[in-house]
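Down below is the structure, laid out as structure tokens.
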Amino acid sequence: MKKTHKIDFSSDWNLAPAPESTTHFKLKDTYDLFINGKFVAPKSGKYFDTINPANEKVLAKVAEANEADIDLAVKAARKAYDTIWSKLSGKERGKYIYRIARIIQERAREFAVVETLNGGKAIRESRDVDVPLAAAHFFYYAGWADKLEYAFPNRKPKALGVAGQIIPWNFPLLMGAWKIAPALAAGNTVVIKSSETTPLTLYLLAEVIQEAGLPAGVVNIVSGAGLTGSHIVNHPDVNKIAFTGSTAVGKIIMKAIAGTPKKSTMELGGKAANIIFEDAALDQAVEGIVNGIFFNQGHVCCAGSRLYVQESVFDVVVQKLKDRMNSLNVGDPLDKNTDIGAINSKKQLDTISKYIEIGKSEGAEMYQPTCDLPSKGFWCRPTIFTKVSQSNRISQEEIFGPVLAIQTFRTVDEVIEKANNTPYGLSAGVWTDKGSKIFNMTSQLRAGVVWANTFNKFDPASPFGGYKESGFGREGGLHGLEPYLKFE
Amino acid sequence: MSRIEVLKTYKIYIGGSFPRTESGRYYPLIVNKKTVANMCLSSVKDFRNAVVAARNAQGGWSHKTAYNRNQILYRIAEVLEGRKAQFVEELELQGISKAKAQQEVDLSIDRLIYYAGWCDKYTQLFSTVNPVSGSFFNFSAPEPTGVVAVFAPQQSSLLGLVTQIASIIAGGNTCVVLASEQLALCAVTFAEVLATSDVPGGVVNILTGNQTELLTQFAAHKDVNAILYCGKDADMIAKIQDLAIENLKRVVLREDGDYFDDKHESPYLIFDFQETKTTWHPIEVIAGAGSGY
């Protein structure tokens with residue numbers, strides 16, 4: 001009998017706690033709306049609690065914007081556009097955006113900790129991914145502000161006016177940067193709504209914007225749930241809607257603006273296929289699987305949530321994956337050793353749990369590593385399902401959590417057909433050592449972003465966005481400027 | 001004894017052949033109160049058949065080499081050049097002066113050649129190699145959106161139709177086109193040009209009929225990836241935008257204007273029906289590598 005050797009991760013890998021400190025800043029008790037350059041109490045008179053999903057403690061009260069608040073924000077943005085921002089040269093606009101980038105870097109640690117406190121994500125990720133990438137987006141687009149004519153040869157670019165932007169709860173600061181930076185570079189003013197569960201870092205960004213001396217009204221920040229968002233979408237003086245979120249909500253927004261002159265971009269859901277060929281470097285591929293589905297607790301629209309493993313290496317890949325899952329630390333997001341933090345909200349945990357039950361009832365085989373979970377807060381063990389079929393709901397529907405559906409394949413044609421057999425088309429991954437196979441695969445996969453021998457990589461210089469029902473328009477790169485401009 | 005004229009039967013064009021409409025109905029084309037021809041009144045079923053043909057042709061067409069697509073578009077122009085007289089005659093029959101008709105046919109040929117030339121160039125124009133901050137090679141390139149449903153311009157019989165079709169197929173898409181309702185003659189004859197000019201069957205499908213009758217299917221069909229509407233009818237536009245949401249069709253609106261204008265020659269019109277795909281691959285460490293120049 002063949003002997004198997006396995007590293008025992010459970011024996012002496014008990015890492016001492018290494019929590020990031022939270023003493024270098026103080027959260028305010030309440031966060032008011034940021035309208036026309038000032039923090040103002042909401043006309044709605046309403047505030048909601050925002051909590052730390054890792055321990056369910058209230059972090060702060062946040063103002064909820066109603067129709068009157070949104071109207072004030074849009075008016076401020078319009079006035080700023082008409083009187084200042086549209087008259088400013090690209091060079092000067094760019095300098096403001098550079099300032100924002102620099103101040104984010106200076107306050108990076110504060111941003112990272114607050115992002116983790118409010119969202120439940122591991123500090124390792126907010127510190128190394130969210131915050132540096134957010135700063136990088138402002139840096140990248142700052143430089144475009146005075147070079148727009150080069151981006152679109154033979155056309156005359158002009159700003160659209162007021163951009164209404166709605167961002168999701170999974171990467172609040174980063175999504176804010178993705179939306180605000182290109183909008184400002186193109187010469188628009190902004191009304192942006194944070195998500196209902198993770199509003200705090202956007203208000204830190206408001207402080208940065210104040211500190212940078214941006215003219216009042218150029219960026220306005222509001223909070224609330226879907227109803228607040230609908231007031232932005234329906235406001236007659238908004239020229240463009242930029243939305244990141246679920247496909248279902250994206251469709252509701254598009255219904256609301258059908259027949260109006262409002263422009264839109266939609267970054268919607270996904271169900272990415274991550275494809276492992278037998279000739280891939282399997283250990284690296286397993287890292288890619290882990291990064292693909294467990295990054296940010298799987299709260300990622302482009303997460304590699306459908307895994308296709310070539311039949312000949314299925315057993316070994318799944319075994320390696322299970323071993324690797326046993327080495328993941330689930331727990332306190334502020335701990336620098338933590339790999340998987342808290343699920344963002346009770347509601348989201350319920351959704352994920354529902355899908356795990358669906359997976360089991362559909363006959364798929366579930367595996368979760370044994371690990372202790374904190375008693376308070378919202379937690380979900382990393383979960384994989386094998387014996388999944390193409391029609392199972394866990395391989396068709398977006399779960400937005402650390403749940404992976406694994407299937408096998410034999411031939412290239414088969415896996416392309418399976419991978420493309422979804423209404424979504426946001427991202428995909430391919431793992432093989434063979435260059436010709438990579439190019440064949442990456443050109444045939446119907447998805448806006450394709451990672452070969454890597455996964456979940458983002459960069460401000462790189463366009464991101466979907467095919468099919470994953471939405472339209474691109475963010476990042478010069479492709480990300482076009483949706484904020486019109487041409488004569 | 002004088003010869004009895006043979007009247008042409010106008011049919012529709014689906015998947016490279018010329019069926020009669022499934023509906024078994026027709027409508028008259030009337031110029032100056034006189035019926036000049038009877039046209040097929042295409043049904044929803046005709047449209048569905050055309051979408052199936054367009055979908056089947058899509059993979060093959062988009063995977064042809066750009067050089068080959070360039071030549072095929074040029075070939076359409078060549079065949080059209082050879083049948084100039086017929087188109088001039090048909091345009092005149094639809095009430096256009098001879099001089100203007102000649103201009104329109106000439107420009108239609110030239111416009112096909114214009115777009116033929118873009119086939120193997122627009123990708124270079126809209127592609128980028130992205131300088132990402134890490135050890136990755138990362139590039140973005142346009143890819144065809146897929147099957148495009150087209151409401152052709154109502155005011156232009158040939159030139160508008162040719163312009164829209166050329167900009168769509170140059171980018172590797174296939175299409176199902178509803179011709180101008182009252183200026184439909186040239187559309188059918190243009191289908192004959194396509195059929196004899198190396199364009200694979202199904203790449204372009206041309207129906208005749210009524211916009212209002214087919215609107216719902218055009219905008220709602222789940223296997224259509226994009227819809228082009230040429231016109232200003234606010235009601236139509238709202239309906240199209242609303243119905244297209246179901247599968248997030250790309251909705252492109254263009255005016256039904258003067259197709260003699262140069263603005264109808266632009267690579268950005270090709271780009272309207274393109275998706276941008278970004279591909280990442282690791283490279284060995286760049287910064288800090290030991291070797292160098």
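Here A:SER361, A:SER353, A:SER427 are placed in order of increasing Cβ neighbour count within 10 Å, fewest first, which gives A:SER361, A:SER353, A:SER427. Say R0 is 25 Å: what FRET efficiency, to the nearest 0.05, do B:LYS8 and B:ILE237 get from their beta-carbon distance? FRET efficiency, B:LYS8 to B:ILE237: 0.15.
Sorting B:GLU246, A:GLU67, A:GLU20, B:GLU90 by the number of Cβ atoms found within 10 Å of their own Cβ, with the fewest placed first, yields B:GLU246, A:GLU67, A:GLU20, B:GLU90. Electrostatic bookkeeping for A:LYS38 treats Lys and Arg as +1 and Asp and Glu as -1; over the other residues with beta carbon under 12 Å from its beta carbon, the sum is -2. Of A:LYS179/A:LYS376; A:LYS320/A:LYS387; A:LYS158/B:LYS263; A:LYS262/A:LYS468; A:LYS121/A:LYS418, which pairs sit farther than 25 Å apart, going by alpha carbon to alpha carbon? Result: A:LYS179/A:LYS376; A:LYS121/A:LYS418 exceed 25 Å. Counting charges near A:ILE166 (Lys, Arg +1; Asp, Glu -1) among other residues having Cβ under 12 Å from its Cβ returns a value of +1. Its relative contact order, with pairs defined as Cα atoms under 8 Å and 6+ residues apart, puts chain B at 24 percent. With respect to chain B, whose longest principal axis is taken over its alpha-carbon atoms, helix B:159-169 is tilted by about 30°. Checked against a 32 Å cut-off, the cross-linked pairs A:LYS271/B:LYS11; A:LYS79/A:LYS147; A:LYS28/A:LYS336 give Cα-Cα distances beyond that limit for A:LYS271/B:LYS11. Looking at the protein assembly as shown alone, DSSP beta bridges between its own residues are antiparallel in about 40 percent of cases. Whole-Hz Karplus values for region A:358-365 come out as 4, x, 5, 5, 7, x, 6, 9 Hz, taken residue by residue from phi with 6.51 cos²θ - 1.76 cosθ + 1.60 and θ = phi - 60°; glycine and proline positions read x.
Report summary: the helix-based calculation at 222 nm, which adds -39500 (n - 2.57) for every DSSP H run with n ≥ 4 and divides by the residues of chain B, gives -13000 deg cm²/dmol. Just so you know, the averaged projected area of the alpha carbon convex hull for region B:6-122 sits at 9.1 nm².
Taking every DSSP bridge with both residues inside region B:9-277, close to 45 percent are antiparallel. Between helix B:84-93 and chain B there is an angle of about 60 degrees, using the helix long axis and the longest principal axis of the Cα atoms. The lysines whose alpha-carbon is closer than 26 Å to the alpha-carbon of B:LYS8, local same-chain residues fewer than 8 away aside, are B:LYS33, B:LYS34, B:LYS45, B:LYS84, B:LYS98, B:LYS100.
For A:SER389 and A:LEU15, a Förster radius of 45 Å and the Cβ-Cβ distance give a FRET efficiency of 0.70, rounded to the nearest 0.05.
Kirkwood analysis of region A:273-452, using all unique Cα-Cα pairs, places the hydrodynamic radius at 16.4 Å. Only Lys, Arg, Asp and Glu carry charge here, each on its Cβ (+1 for the first two, -1 for the last two); on that basis region A:273-452 has a dipole of about 400 debye about its Cα centre.
Over chain A, dividing the summed -39,500 (n - 2.57) contributions of all DSSP H runs of at least 4 residues by the number of residues returns a 222 nm mean residue ellipticity of -10500 deg cm²/dmol.
For chain A, the calculated P(r) over all alpha carbon pairs, in 10 Å bins from 0 to the bin holding the longest distance, is 4, 20, 29, 26, 15, 5, 1, 0 percent. Taking the inverse of the mean reciprocal distance over all distinct Cα pairs, the Kirkwood hydrodynamic radius of chain B comes to 20.1 Å. The label point for B:THR212 and the one for A:ASP433, both projected 7 Å from the Cα toward the Cβ, are 6.7 nm apart. DSSP beta bridges confined to region A:273-452 are antiparallel in about 10 percent of cases.
Dividing the mean sequence gap of close Cα pairs (under 8 Å, 6+ apart) by how many residues chain A holds gives a relative contact order of 18 percent. With respect to chain A, whose longest principal axis is taken over its alpha-carbon atoms, helix A:435-444 is tilted by about 60°. For A:ASP323, B:ASP262, the sequence from fewest to most other C-beta atoms within 10 Å is B:ASP262, A:ASP323. Count Lys and Arg as plus one, Asp and Glu as minus one, and take only other residues whose Cβ is under 14 Å from that of A:ALA142; the net charge is then +4. With contacts taken as Cα pairs under 8 Å and at least 6 residues apart, region A:1-143 reaches a relative contact order of 21 percent.
Laboratory data are not the source of any read-out in this text; all were calculated from the coordinates shown. Please read all numbers here as calculations on a predicted model, not as lab measurements. Virtual Cβ from ideal backbone geometry, glycine too; neighbours counted across all protein chains shown.
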